[in-house]
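These notes are about the structure you will find just below.
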Amino acid sequence: MSTPVGPYTPIVRAGDFLVVSGQLGLRDGQMVAGGVAEETAQAIANLSELLVGEGASLSDVVKTTVFLRHMRDFEIMNEHYVAGFGDHRPARSAFAVSELPRVALVEIEAWAWSPLNR
């Protein structure tokens, strides 16, 4: 699991929800090479790893927010987002921001429904 890049908790339980902080395309503490496609795939892999650690999965995600450095990357991000989530389609917002930590091109945060009494 990646070490947070700031003073926050990567995943927090709030009742029956798991709130996952924004994930970058970091692997072993380094940004993956290759651009928005690879960063999107790695960010989703990082989300998945955090959820699995709490007994949940990507199929439990009900809402994501995608932050993009450039809206011109929207279609590429979408392709890799769909590859990562498969047929599951959580609610989603996506918008461009002026900058992201570690000069990232994409960051993805998520909320997952994961009842304590499964």
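Since every read-out is calculated from the coordinates, none of them should be taken as a lab result. All values derive from a computational prediction rather than experimental measurement. Reconstructed Cβ throughout: ideal geometry from the backbone, glycine too, with neighbour counts over all protein chains shown.
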Which of (i) 6.9; (ii) 10.5; (iii) 7.5 gives mean projected area of the Cα convex hull in nm² as computed here? It is (i)
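Let me check I've understood the local charge: for Val106, count other residues with C-beta under 15 angstrom from its C-beta, Lys and Arg +1, Asp and Glu -1. What total comes out?
Details: positive: Arg27, Arg69, Arg72, Arg92, Arg102; negative: Glu38, Glu39, Asp73, Glu75, Glu79, Glu99, Glu107, Glu109.
Net charge around Val106: -3.
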GluC sites (Glu not before Pro), restricted to the range 1-98: which are DSSP loop and have at most 16 other Cβ atoms within 10 Å? Glu54
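Please tell me the relative contact order of the chain in percent, rounded to the nearest whole number, where contacts are Cα pairs under 8 Å and at least six residues apart.
On the way: 216 pairs, mean separation 43.5, N = 118.
Dividing the mean separation by the residue count of the chain yields 37 percent.
Restricting to the chain, what percent of DSSP beta bridges are antiparallel, rounded to 5? Please list the in-between numbers first.
Values: 18 of 24 bridges.
Taking every DSSP beta bridge with both residues in the chain, the antiparallel ones total about 75 percent.
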Gain in length, Thr9 to Ser93, computed as 0.36 nm per residue apart minus the alpha-carbon separation, to one decimal in nm? 28.1 nm
Measuring from the longest principal axis of the C-alpha atoms of the chain, the long axis of helix 74-85 (C-alpha) lies at a number of degrees, nearest 10, equal to 30 degrees
Amide H within-cut-off set for Val62, under 5 Å, with H built and near neighbours excluded: Trp111, Ala112, Trp113
To the nearest 10 degrees, the tilt of helix 36-53 (Cα long axis) against the first principal axis of the alpha carbons of the chain is 20 degrees
